[in-house]
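Everything on this sheet refers to the single structure shown next.
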Amino acid sequence: MLKKRVIPVLLLRDGRMVKGVQFANYRDTGNPKTAVRIYSAQDADELVFLDIASSRYSKKKLIDIVREAATECFMPLAAGGGIESIDDVRQLLLAGADKIVVTTAAVTNPSLISEIAERFGSQCVVAGIDYRHGENGARVWIRCGTEATGIDPVDHARHLVALGAGEIFLNSIDQDGVMQGYDLEIAALIASAVPVPVIVCGGAGNFMHLVSLLKNTAASAAACASIFHFGDNNPIRARSYLRNLDIPMRMLK
């Protein structure tokens with residue numbers, strides 16, 4: 001049986017960690033270099049770095065952070081935010097990233113997904129899907145939740161996998177930072193609709209939220225931010241809690 005993963009997410013803006021609520025009202029949460037050392041010591045399954053500023057300066061800072069993280073830890077590293085070209089991808093891979101998260105360009109330039117998969121392999125491509133609920137149900141949003149697309153997230157996930165995405169990073173804008181639990185309905189729909197691993201983000205406030213996601217959907221991983229930033233919780237405790245409830249987790253040495 002495939003092991004489930006608990007993945008800390010580090011949102012970055014100009015080299016600093018930030019966290020908001022529903023993609024707004026961001027506040028500083030510290031130095032990402034410090035967080036990398038802590039999560040490495042706590043044997044996190046993986047780390048995801050997402051640059052929400054997407055400026056030239058912030059992209060350079062993201063590359064620097066990934067490069068330093070790659071020298072200090074041995075877990076897989078995924079990085080994204082403002083990925084627009086193969087050159088953006090190449091720079092992050094050379095810095096030490098194992099996977100690249102592509103979200104807005106997955107809508108505006110979907111051929112980039114195929115190009116990355118062809119050049120670097122599908123395992124390198126994590127297709128990001130940010131979505132929120134509205135009058136017509138769940139719909140995909142881009143540019144850090146500021147632009148509606150009208151695209152159904154389930155259809156979008158299937159399309160991205162057909163293009164070559166090896167993993168889906170699903171992020172609920174409605175649940176982001178609220179700490180009231182994941183959107184299990186959409187997570188279940190997408191995880192059952194695609195043949196690749198699905199990482200679900202947005203909503204974790206306690207360990208039972210992770211249990212509900214990993215037991216009641218086919219999601220492969222629970223991505224977390226606020227639960228680790230704003231409480232006395234960490235990946236070691238989370239993994240132990242999940243294992244005690246018979247959720248298959250990676251064994252530590």
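The values are calculated or read from the model by the stated rules, or taken from the named source; none is laboratory data. Bear in mind that the values here come from a model prediction, so they are computed numbers and not experimental data. Methodologically, a virtual Cβ is constructed for each residue, glycine included, from the backbone with ideal geometry; neighbour enumeration extends over all protein chains shown.
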Odd one out for Val200, checked against (1) at pLDDT below 95; (2) closer than 20 Å to His156 by Cα; (3) not hydroxyl-bearing (Ser, Thr, Tyr): (1)
Residue pairs meeting the criteria (Cβ under 8 Å; at least 6 apart or on separate chains; first surrounded by fewer than 19 Cβ atoms within 10 Å (Cβ to Cβ), in region 208-229; second in a helix (DSSP H, G or I)): Val211/Tyr241; Val211/Leu242; Ser212/Leu184; Asn216/Leu184; Asn216/Ala188; Ala218/Ala188; Ala218/Ala191; Ala218/Ser192
Residue list for region 119-138, restricted to those being assigned to a loop (DSSP other than H, G, I, E, B) and either within 18 Å of Leu50 (Cα to Cα) or of a type in the set (Ser, Thr, Tyr) (or both): none
Within region 125-137, tally of residues that are surrounded by 21 or more Cβ atoms within 10 Å (Cβ to Cβ) and over 16 Å from Phe23 (Cα atoms): 3
Evaluation of Arg237 against (1) among the charged types (D, E, K, R); (2) touching a strand residue (DSSP E or B) at 6+ places or on another chain (Cβ under 7 Å); (3) more than 30 Å from Glu118 (Cα to Cα); (4) surrounded by fewer than 23 Cβ atoms within 10 Å (Cβ to Cβ) (one fails), failing number: (2)
Checklist (1) over 17 Å from Ala78 (Cβ atoms); (2) hydrophobic (A, V, I, L, M, F, W, C); (3) modelled with pLDDT of 95 or more applied to Cys144, failing item: (3)
Region 138-148, subset surrounded by 15 or more Cβ atoms within 10 Å (Cβ to Cβ) and of a type in the set (A, V, I, L, M), residue farthest from Leu160 (Cα to Cα): Ala138
Among the candidates Ser111, Ser40, Ser58, residue that is among the small types (Gly, Ala, Ser) and within 15 Å of Leu163 (Cα to Cα): Ser111
Breaking point among (1) out of contact with any His (no Cβ under 6 Å at 6 or more places or on another chain); (2) modelled with pLDDT of 90 or more, for Asp43: (2)
Extreme residue, surrounded by the most Cβ atoms within 10 Å (Cβ to Cβ), among residues of region 177-207 that are in contact with a Phe, Trp or Tyr (Cβ under 6 Å, 6 or more places away or on another chain) and on the phi < 0 side of the Ramachandran plot: Val200
Counted residues, region 1-29 - those being modelled with pLDDT of 90 or more and within 18 Å of Glu68 (Cα to Cα): 8
Filtered residues of region 36-52 (kept if over 16 Å from the mean Cα position of the chain (by Cα) and not acidic (Asp, Glu)): Arg37, Ile38, Ser40, Ala41, Gln42
Matching option when the condition is within 29 Å of Asp43 (Cα to Cα) and in contact with a strand residue (DSSP E or B) (Cβ under 7 Å, 6 or more places away or on another chain), among Leu210, Leu184, Leu245: Leu210
